[in-house]
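Have a look at the structure below before the remarks.
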Amino acid sequence: GGGGGGGGAGWLWRILTLLVGLTAAGVALVKANFAPLTSVGQVATLRNNLGAEKLAFIGLACAGLGVVWLIRGMVIYGLLVSASIIAAGLYAALDLLVARGVVKPELAAKIRPLGVPIGLGCAAIVILNLLLGGRLIVI
């Protein structure tokens, strides 16, 4: 496509990135049992209704989008943004990845305590990306 309307498309892209990033952050934080989030009744209900496997697949979908954005050009979409979405998505899918033999249990045990920082970091990065207009490429 052409370059016309780049401003509007840029905002639309940043909002999409925000939604995917917050979804990845959310499932990572729910997986990590982040108390301020899991104490909200609706979040607990959502977690119970979806179940661990669906949360894992949501995380994998977010991570997959992060990988696609990374491959399409990390300079365009921001290395830090893509990496944070991938990390949060993979964290949410950690148990599934262990069960499928993709991640060793020993490595998973080292990663598990990092769920809250990964989720909060991802949320902060995608919010900053929205506010700063994609200028997070440098960080």
What lysines does residue 54 reach when the alpha-carbon gap must be under 19 Å and sequence neighbours fewer than 8 apart in one chain are set aside? 31
Report, in whole Å, the centroid distance computed from the Cα atoms of the stretch 42-58 and the stretch 95-128. 16
Of the listed peptides 45-52, 59-66, what is their order by residue-averaged count of other C-beta atoms within 10 Å, with the highest listed first? 59-66, 45-52
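Laboratory data are not the source of any read-out in this text; all were calculated from the coordinates shown. Everything numeric here is computed off the predicted structure, so don't read it as measured data. Positions of Cβ are backbone-derived with ideal geometry, glycine not excepted, and every protein chain shown enters the neighbour counts.
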